[in-house]
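Working notes, beginning with the structure itself.
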Amino acid sequence: MPVPWFLLSLALGRSPMVLPLERLVGPQDATHCSPGLSCHLWDDDILCLPGDIVPALGPVLVPTHLQTELVLRCGKETDCDLCVRVAVHLAVHGHWEEHEDEKKFGGAADPGLEKPRNASLQAQVVLSFQAYPTARCVLLEVQVPAALVQFGQSVGSVVYDCFEAALGSEVQIWSYTQPRYEKKLNLTQQLPDCRGLEVRNSIRSCWALPWLNVSADGDNARLVLNVSEEQHFSLFLYWKQVQGPPKPWWQKNLTGPQIITLNHTDLVPCLCIQVWPLELDSFRTNICPFREDPRAHRNLWRAARLRLLTLQSWRLEALCPLPAEAALCWQAPGGDPCQPLVPPLSWENITVNKVLEFPLLEGHPNLCVQVNSWENLQLQECLWADSLGPLNDDVLLLETRGPQNNRSFCALEPSGCTSLPSRASTMAARLGEYLLQDLQSGQCLQLWNDDLGALWACPMDKYSHKRWALVWLACLLFAAALSLFLLLRKDHAKGWLRLLKQDVRKGAAARGRAALLLYSADDSSFERLVGALASALCELPLRVAVDLWSRRELSAQGPVAWFHAQRRQTLQEGGMVVLLFSPGAVALCSEWLQDGMSVPGANCPHDAFRASLSCVLPDFLQGRASGRYVAACFDRLLRPDAVPALFRTVPVFSLPSQLPDFLGALQRPSALRPRRLRESAEQVSRALQPALESYFHPPGTPGQGRGVGPGTGDGT
């Protein structure tokens, strides 16, 4: 449950801690240690080179614990700086190696060898400090008398005074020995700023600091700056990053007291505020008040996006760093939960805004990415669906390889992974032999492979058709029996037969009409936009063909042969050919019409639009295009009047603003009622919005986003 806003002052759920600090006089660093120990601080800083861990040949001194304390280092009473005092606690680790004479004879070794065991221990202890933008390392020499050397026991501590750091900064402290016998100790110290210091009047940089509070304004946050009317200061809002400079959001120079309201939807954990007086060498106060706010964390995940870059590479885009891990899952049609492919794959820790890769051989529309944080599912997206089409009725086979090249297979189902062959009652088990035969004959697509196993996607369409054929046969038998029964009652049969005839006609009218979608592959972003449109149309009673989903056939047959086959089949079935125009498509058509010769297709072997011009243009020139072709373009990308005049002899629609008319032209006459047509248009428009936003406003582009070339407009 979120912390009430009225409890917030300067930071959510916290109030600034008042610290009474000890004062040190003099600019020199110093060291002192526990009674019985002797210590010495080297005069100069050293290079921060920890080196590798080496084995200890006897008892050694090692750091076991770090403690810090804040103090003030003052040159004058009112001229102090904040300083970090560090205490390093030491202990004796290791033991003397048993001498060979003792191992051999079981007695005492040469008395001359006893002296090292009774000697004092010495160590060189390194303290490393990092506080952006400075870093330094100091060396402390420590000596422990023999009387205090007890194996595994603490011998005391050595204290270093002190490391100066900026107010409000974060100091990283490490400690280790030279040579290094164990892992480095690490401690992070967050320094307070002027608001948390009882002695702020002793620190010159705090004198002119504006006073900043965070309070509530309903669900929103309100920044209150209580300064005099003559005070000039600057306010800077930014998103703090783990590495590198902060990401700026908003900055403005202001005067006098101010109240600034932040919308609750803009609050994220890494949103920080920096304020400073507009004076020479003034101190800048930084606070990040929303780190622990649950609403800020929810906003961050709502705004996070998964983006596919190539077949194997993707990234998680978010404003703030996130502790998250990702894995692939398999999404079967039908609404069942996506099944994580762990094992054989594993969860991978991910870094926000960094390119990541999965070891895939091929993409598949049913492959999705799940992102978890603290064992809770936060994001799930089927990244390959936009470019490869809607979910396929495929089954995923997991191959496991054992010793002596033994191979076993199981089919991934909602109930688990079913071994093949199997006598189980599941669909995959009943079709196990056929699936294995398809795998051996090369009909399955290999998605992943390593020494221990592989993943295969095997098509189930033909088996689904057989299953539905049996269902239809049963329905026909039932219909025949019903017809016979009604014939025996002839008077009542006429009305029933009339209704049945009307239902059959309506069913035939509602069957999915074929649509061939042709476009120019201007770039990968436009291809994703086309894929989103095709996927949305598939959710309606339409059967869509597009080269994005037929790359394998396109490569095998060639673009010209593939297009001719698809066009012939679409038109024979009474379907429509959709010409989707873009600036690239307009340029290709203009080149054809000016030169009067074939446009070469060697630049892009999968570009069916180039190949289609050879037979699309004759249909338009000879007046055969009406009723068989429609044209379309996207709002803000191309105006309908920018489409070449020859192609405006058929209806030209601007999407998504003219979606109802576009869908009406694609459907059979009277296939959809006006209300149903509007609902379908709204459904397609909602599906298109994310792809349109991604195209026109790609990440990292300010202002209006993508330039859309000649002939652009809103399509209204």
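The values are calculated or read from the model by the stated rules, or taken from the named source; none is laboratory data. What you see is a predicted model; the values in this text were computed from it and never measured. With ideal geometry, Cβ positions are generated from the backbone for all residues, glycine too; neighbour counts draw on all protein chains shown. In case anyone asks, the SASA skips ligands and DNA or RNA and just uses the protein heavy atoms, side chains included. Shrake-Rupley method; radii C 1.70, N 1.55, O 1.52, S 1.80 Å.
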Worksheet, complete the sentence: Note: probe point = Cα of LEU452 + 7 Å toward Cβ; backbone nitrogen < 15 Å; residues of segment 336-373 passing the test are 341-348, 359
Worksheet item: Under 17 Å from the 7 Å Cα→Cβ point of GLU230, by amide nitrogen: which residues of segment 269-295?
Response: 277-280
Response to the item:
With label points set 7 Å from each Cα along the Cα-to-Cβ direction at LYS184 and HIS40, the distance between them in nm comes to 2.6 nm
Worksheet item: Tell me, how many Å apart are the Cα centres for segment 319-342 and for segment 545-564?
Response: 31 Å
Worksheet entry | Relative contact order of segment 223-376, defined on C-alpha pairs under 8 angstrom at six or more residues apart (%) | 18 percent
Worksheet entry | Charge dipole of segment 303-461 about the Cα centre (unit charges at C-beta), most positive-ward option of CYS410, THR400, ALA332 | THR400
Practice prompt. With only Lys, Arg, Asp and Glu charged, each at its Cβ (+1 for the first two, -1 for the last two), find how big the charge dipole of segment 279-423 is about the Cα centre; round to the nearest 20 debye.
Written response: 100 debye
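I need the calculated FRET efficiency for the pair ARG568 and ASP641, taking r as the beta carbon distance and R₀ as 22 Å, to the nearest 0.05.
Details: r = 32 Å, r/R0 = 1.44.
My answer for the efficiency is 0.10.
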Fill in: LEU377 versus ASN220: modelled label distance in nm, points set 7 Å from Cα along the beta carbon direction
3.6 nm
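On the accessible surface of segment 505-592, probed at 1.4 Å, how many percent belong to carbon and sulfur atoms? Could the numbers behind the result be given before it?
Values: 1690 of 3410 Å².
Solvent-exposed carbon and sulfur of segment 505-592 make up 49 percent of the total.
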Discussion item. How large a share of the accessible area of segment 208-296, in percent, is made up of carbon and sulfur atoms when the probe is 1.4 Å and the other protein chains stay in place?
Written reply: 49 percent
Worksheet entry | Residues in segment 278-297 reached by a label modelled at THR134 [backbone nitrogen below 11 Å; 7 Å Cα→Cβ] | none
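Work out how much length HIS32 to HIS95 would gain on full extension: take 0.36 nm times their residue separation and subtract the Cα-Cα distance, in nm to one decimal.
Details: separation 63, 0.36 × 63 = 22.68 nm, distance 2.73 nm.
Extending this stretch completely gives an extra 20.0 nm.
Applying 1/(1 + (r/R0)^6) with R0 = 35 Å to the Cβ-Cβ distance of LEU49 and GLU77, what FRET efficiency is obtained, to the nearest 0.05? Don't skip to the answer; put the middle values down first.
Values: r = 40 Å, r/R0 = 1.15.
Efficiency for this residue pair is about 0.30.
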Practice prompt. Would you kindly state how much longer the chain becomes between VAL242 and ALA147 on full extension, computed as 0.36 nm times their sequence separation minus their alpha carbon distance, in nm to one decimal?
Written response: 29.5 nm
Worksheet item: Taking the simple approach of a point 7 Å from Cα along Cα-to-Cβ for both ALA56 and SER524, what is their distance in nm?
Response: 5.3 nm
Worksheet item: Under the Karplus relation 6.51 cos²θ - 1.76 cosθ + 1.60, θ = phi - 60°, what is the ordered set of whole-Hz ³J(HN,Hα) values for segment 165-178, x standing for Gly and Pro?
Response: 9, 6, 4, x, 8, 10, 10, 9, 10, 10, 9, 7, 9, 10
Practice prompt. Could you pull out every residue, at least 5 positions away or on a different chain, whose amide H is within less than 5 Å of the one on CYS382? Hs are placed 1.01 Å off N in the peptide plane, and Pro or chain starts have none.
Written response: VAL369
Worksheet entry | Protein-only accessible surface order, largest first, of SER524, SER313 at 1.4 Å | SER524, SER313
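So if R0 is 35 Å, what FRET efficiency would LEU593 and ARG675 give, r being the distance between their Cβ atoms, rounded to the nearest 0.05? Intermediate values should be presented prior to the final figure.
On the way: r = 42 Å, r/R0 = 1.19.
After rounding to 0.05, the efficiency reads 0.25.
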Practice prompt. Mind ranking 341-354, 284-297 by how tightly packed they are, going by the mean number of other C-beta atoms within 10 angstrom, highest first?
Written response: 284-297, 341-354
